[in-house]
Each structure stands twice: as C-alpha cells, then as structure tokens.
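The values are calculated or read from the model by the stated rules, or taken from the named source; none is laboratory data. Remember, predicted model here, so these are calculated numbers, not experimental data. Neighbour counts run over all protein chains shown; Cβ positions are idealised from the backbone, glycine included.
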Amino acid sequence: MGRESPFTLRAGAAGLVLLALAMSAPVTLRDSQVEPQISLPLNLGLNDGTYAPQGAIDALQTFDSRTSLRNYSLPENDQLREVIAELDGVSADHVFLHNGSGPILKLCIPHIIRTQIKSSVGRVLKHLTSKSGYPIITGSFTYSKVPKKAMGLGLKVEMIPLDPDKGFAFDVDRLDATLRKGDGLVYITNPNNPTGNVLITRDQLIPLLERYPGSRFWIDEAYVQYADPAEHAYISSLVSRFPNLLVSRTFSFAYGMAAVRIGYLLTQPELVREFWRQLTDYRIGTLQERMAIGALRDEQHLPWLRETCAAQRKLLREGLAEIGGIESFDSVTNFVFARFTDGRTGKMLADKLEERQILIKALEPFGPYSYEPYFRITLGLEHENRYLLRNIAEVLGAPIPSVAG
Ligand SMILES: Cc1ncc(COP(=O)(O)O)c(C=O)c1O
C-alpha cells in the first residue's frame, strides 16, 4: 500500500505544467484533464466488471432511510425471476437464483453425478472401474474451477484442446465424436474464460442437444452480455426446448455488480425446485433484488458497455504489441488473453506486477497442460489500463508504449 505510485508523481508534475500553461496560454480540454488517482492494490485478475448500470444505482439510492432495509424479499424472488424470464425467453419456473454463479456451479456438479451416474448400473460400474461412467468434457482452456470440482468428486475430465493458432476455435466435430463414445457432462464457457472468444453458436449446439439427450450440456454464459446479440445469438432461450441444457449467468461481469453477489441458472423446473429445497429461502434480499431488476431494465447499459470495452481492449492490445515479445488474442469480453512469444512466463510477469500491488492472472498448470507463457488481464478503467501498461513496460524493461502516456 505504502508504495508511491509513479502516477502520483506524474499528476504532481502535470499540476505544475498546468499552472504554468494557465498563466501563459489558453488551456485546452486535453491540457486540463488530470488522470484520476490509482487506488492500490489494483486487481485486474478476477474479471469483475467495471460499471454497474445506472438503473442499479438508482434502485440502490431508493434505500435511503434507516427503515428502508427492514424487509425480506419474497422467499422465491418472484419479481426478479419474472424479469429474467422475460429477457431470456423462458418462463419464471426455469429460473434458479443464488448468490453468484460460482455457488451454482458447486451445487450442480454433485447433482449431475448423483442423477446421471446412479441412474444406470452400467454407468455405476464404469464409474467404479475407470471413472468414465459420466465424464466431464470441456475445452483445454476453461474456467478451471468446474473441471477441478468434477475431478475432486471422482469424475474423469476429458479436455478438447483449443489451439491458439486457430484463434482458440472449439472443435465441435471432436465434441460430437467424443459424445458418440458415451454420454457425459459438457461444460462450455461461452464466451470462453480465459480465451475471450465465443466457442459454440446456437446453430452448432442444437444438433448436439438433439442427438445426445442422455448428455447434459452446461453453457456458462457468465460473459455473454459483452457479446452483441446481433452477432452472437444467446443460448439461454433454448432451455425451455431442451431438458438436457443448463445455462448459468451472473451479475458480476457485464453488470459490474460482483459486490452484490447474484447469479442464476436456467434449467428445468424440477431441478429449480430441487435446488430450492436444498437451500434456505430469502437468499437474495430486497436490496439485491431491486438492484438486479434496475440493472436488467436499463436498456442503455449493455450497448454502451460493449463500445467502452472494445475501446479498452484496443488500448491494451496496442500497448502490449508495442511492448514487444507478447501476442494478444481477439476477445469479445472484459478481458484480454495474451502470451509471451520469447520464452518468458506469465507467472514471472504476474509476480513482478504483484510487487507493485497490481494483480493479473497467470494460468496454473492443469491436467497434462502447462500454460506457462500465458496471462490474462481484466479490463479496468481507462486510466488503470494505461497505468498497467506503463508498469508492464517498466517491469519488462521495455519503453513505455505511446498509448499509455
Ligand atoms: C466462467 C465463469 N463462470 C462463473 C464464475 C463465477 O462468478 P460469480 O460467482 O461471481 O457469478 C466465474 C468467475 O470468475 C467465471 O469466470
């Protein structure tokens, strides 16, 4: 915390320059802009979104007296579930709410093991002998908490590699071939974390949902709202058509509300009821509920956010390219995935930045894969992104990129 940021010094110097300019020449808007302070530690490693919709903040501001927080919500948050259902093209009984989508992931995997493996003697035997009774099938770059949890519960994990030289495209034919050998739980983060690209389209998914009714397809749409629905049709509304499909969502990223902890799963009503029975009522309080409804009803937020993120991705990628020895990849999300091309490691960079209280994500080895050259950066606010670039350049001994000045 105590480390003096180079930025503070820059701002101080900029103040003197501005004073001199004010006395000698008319001040332009650009001259008068002083970048905001950086607040350390700066965490650009967890993907939390930056801006909440104004609609959520307006809702928050209605809780403005000592009695405004006194009431529970309705036990099943009917109002919020109705709004979600309307937007996602399902009915409210398909919507299960929880405190983030992370806790939903944790609930789902044991459930799938219980129901899918134990539903057939053949699967139980296969599971006991080779753990392959009902494997989890996923990409080789993925949100690793899910395969790790599945492995911890004794499931075999089958990974389909995503090739950086093919833009991390997902091999849908290979998934098809894997399922032909036997059913399993398919987990796809779409768009993908950490690669930032869309892995599967609605049109590619539908034939698989039809062909493999005994498999479960779990599409994690945690980052989907960053993708323009005009370019990528969301999967969510298919849930009412296909009982083997589950879709999870969260308010932590595109709605910038990680602090509020709300996520939801779209699935079959029986499963919604079963999960509900396992947990207590009133998990999502009135405050969270009204903020979430305010967020969803704010129609200006997502189009604006997509433009903002596109500009910040461009800034970061241009800066990384100028620093050199780094390749970054196309992303439709609020993070940029990159790798060193000259033998340096993502961990080396993450460690050096951490000494300066800046956190980014270096990938940990998983299964047979080592992801040593790779790192992932969450988009911050513009001045944070410039600050990050300046610090990356400094710790790597490279010139400060022009876009970071
Ligand atoms: C793909 C993906 N799904 C789910 C989550 C969990 O997010 P939350 O619990 O905040 O909803 C994360 C968090 O990083 C994620 O990257």
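Can you list the helices (runs of 4 or more DSSP H) lying wholly within segment 20-116 that have 1 or more residues being at pLDDT below 95 and over 24 Å from the mean Cα position of the chain (by Cα)?
Because the criterion is at least 1 residues that are at pLDDT below 95 and over 24 Å from the mean Cα position of the chain (by Cα), the helices (runs of 4 or more DSSP H) in segment 20-116 that meet it are 29-32.
Please go through segment 111-126 and pick out each residue that is surrounded by 13 or more Cβ atoms within 10 Å (Cβ to Cβ) and within 25 Å of residue 220 (Cα to Cα).
The answer is 111, 112, 113, 115, 116, 117, 118.
Hey, can you tell me all the residues within segment 137-180 that are hydrophobic (A, V, I, L, M, F, W, C) and either surrounded by fewer than 17 Cβ atoms within 10 Å (Cβ to Cβ) or part of a helix (DSSP H, G or I) (or both)?
Selection gives 146, 150, 151, 153, 169, 172, 175, 177, 179.
Checking the condition among the aliphatic types (A, V, I, L, M) and more than 28 Å from residue 194 (Cβ to Cβ), which residue from 162, 153, 128 passes?
128
Just name the residue that is nearest to residue 133 (Cα to Cα) out of those in segment 214-240 that are among the polar types (S, T, N, Q) and within 15 Å of the ligand (Cβ to nearest atom).
The qualifying residue nearest to residue 133 (Cα to Cα) is 236.
Look through segment 248-304, keep the residues that are within 12 Å of the ligand (Cβ to nearest atom) and hydroxyl-bearing (Ser, Thr, Tyr), and return whichever of them is surrounded by the fewest Cβ atoms within 10 Å (Cβ to Cβ).
252
Here is a yes/no grid of residues against (1) under 30 Å from residue 182 (Cα atoms); (2) among the aliphatic types (A, V, I, L, M):
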position	(1), (2)
48	no, no
66	no, no
102	yes, no
112	yes, yes
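Just need a number here: residues in segment 127-136 that are among the hydrophobic types (A, V, I, L, M, F, W, C) and buried (at least 23 other Cβ atoms within 10 Å of the Cβ).
1
For segment 32-79, name all the residues that are among the small types (Gly, Ala, Ser), more than 16 Å from residue 301 (Cβ to Cβ) and surrounded by 15 or more Cβ atoms within 10 Å (Cβ to Cβ).
Matches in segment 32-79: 45, 73.
Out of 342, 330, report the one residue that is touching a helix residue (DSSP H, G or I) at 6+ places or on another chain (Cβ under 9 Å) and of a type in the set (D, E, K, R).
330
In segment 52-78, how many are closer than 30 Å to residue 312 by Cα and more than 16 Å from the ligand (Cβ to nearest atom)?
Total satisfying the criteria: 8.
Could we say that residue 123 is out of contact with any Leu (no Cβ under 9 Å at 6 or more places or on another chain), assigned to a loop (DSSP other than H, G, I, E, B) and more than 16 Å from the ligand (Cβ to nearest atom) here?
no
Could you pull out the residue among 282, 264 that is aromatic (Phe, Trp, Tyr) and either closer than 22 Å to residue 110 by Cβ or touching a Gly at 6+ places or on another chain (Cβ under 7 Å) (or both)?
264
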